[in-house]
Structure formats: C-alpha cells, structure tokens
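The values are calculated or read from the model by the stated rules, or taken from the named source; none is laboratory data. Model, not experiment: these values are computed from the prediction. With ideal geometry, Cβ positions are generated from the backbone for all residues, glycine too; neighbour counts draw on all protein chains shown.
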Amino acid sequence: MNVDGGARGNPGPAAIGVVVRNDDGAVVEAVGETIGRQTNNVAEYKALLRGLELASAHGATVVELIGDSELVVRQIEGRYKVKNADLKPLHAKAKEMLSQFENWEIRHVKRAQNADADTLVNQALDNG
C-alpha cells in the first residue's frame, strides 16, 4: 500500500491518502480524507495507521508499506529515534498494529513514486 499525509501550513489543514493494492497490484481501496489541523509528520503517521486499518479490514496478513516520509519510514524501521511527543503515541500504535501481521516491510520512495497517495491528499485538502 501507498500512504501519504500532508498539511498546508505546519501545522495547518491536513489530510491523508491511502491506496491499498492486492498481490496483483490492483487497487482494492483508495481513501483520501481530511484529518483537521495537524502537522505534516502527524498526518504522515495517521495515513500509515489508516492504511494498516484498511489492510487488516481486507484480510491482509502481509503488508508492504510505501511512503515518501523519510522520517516516518526510518522511525518505523528503528533507524531514527522518536523524539517528538506528538509522534510517540502514533509510532507506538503503528508498531502495535504491525505486530498483528504475519510479515511486513516498509519502504521510503520519492514523492513522484508515491503519486497516487499524494494526489488523494491534495484532492481531500482541495475539497475539504
């Protein structure tokens, strides 16, 4: 799945975008929704959490998470420490949710490689 979060202003109006695909790469669900006033990093984590909820609801036992937030990806990998107090509970919730899957991996990509999720974020903010 591709996940993205964004805020216009930091903090500011924020939204998330999630694209869940099956093993064949076909989109099974795509969600773009506003999440109120948040920082960009909180929005990125909320997108990750929403993606994990959707994957679980679709019965996934293995997930591949793809996001363009280096901070979130590296924190989930354990390569960066989580120092921000607002991110600590979101990180803990993500790790708890990931433990419910048989296997998972997370990968950082450039924004252009995450265009589907990024588009959903911007559409939600434009229409929100």
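Please go through (1) assigned to a loop (DSSP other than H, G, I, E, B); (2) surrounded by fewer than 16 Cβ atoms within 10 Å (Cβ to Cβ); (3) at pLDDT 95 or above for Ala60 and return the number of the only condition it doesn't satisfy.
(2)
When you look at Ser69, is it on the phi < 0 side of the Ramachandran plot and without any contact (Cβ under 8 Å) to a residue 40 or more places away in the chain, yes or no?
So Ser69 fails the test.
Is it true that Tyr80 is touching a Leu at 6+ places or on another chain (Cβ under 7 Å), surrounded by fewer than 15 Cβ atoms within 10 Å (Cβ to Cβ) and aromatic (Phe, Trp, Tyr)? Steps first, please.
Working: touching a Leu at 6+ places or on another chain (Cβ under 7 Å): yes; surrounded by fewer than 15 Cβ atoms within 10 Å (Cβ to Cβ): yes; aromatic (Phe, Trp, Tyr): yes.
Considered against the rule, which asks whether it is touching a Leu at 6+ places or on another chain (Cβ under 7 Å), surrounded by fewer than 15 Cβ atoms within 10 Å (Cβ to Cβ) and aromatic (Phe, Trp, Tyr), Tyr80 comes out as yes.
How about segment 28-46: which of its residues are assigned to a strand (DSSP E or B) and either in contact (Cβ under 8 Å) with a residue 24 or more places away in the chain or closer than 19 Å to Val72 by Cα (or both)?
Hits for segment 28-46 are Val28, Glu29, Ala30, Val31, Gly32, Glu33, Thr34, Ile35, Arg37, Gln38.
Taking the condition surrounded by 12 or more Cβ atoms within 10 Å (Cβ to Cβ) and either of a type in the set (A, V, I, L, M) or more than 15 Å from Ala7 (Cβ to Cβ) (or both), does Ala117 pass?
Criteria met by Ala117.
So which of Leu52, Leu71, Leu98 is in contact with a Phe, Trp or Tyr (Cβ under 6 Å, 6 or more places away or on another chain), surrounded by 14 or more Cβ atoms within 10 Å (Cβ to Cβ) and at pLDDT 95 or above?
Leu98
Name, by its number, the condition in (1) closer than 20 Å to Gln123 by Cβ; (2) under 11 Å from the mean Cα position of the chain (by Cα); (3) aliphatic (A, V, I, L, M) that does not hold for Ala30.
(2)
Identify all residues within segment 63-101 that are among the β-branched types (Val, Ile, Thr) and either assigned to a helix (DSSP H, G or I) or in contact with a Lys or Arg (Cβ under 8 Å, 6 or more places away or on another chain) (or both); write none if there are none.
Ile66, Val72, Val73, Ile76, Val82
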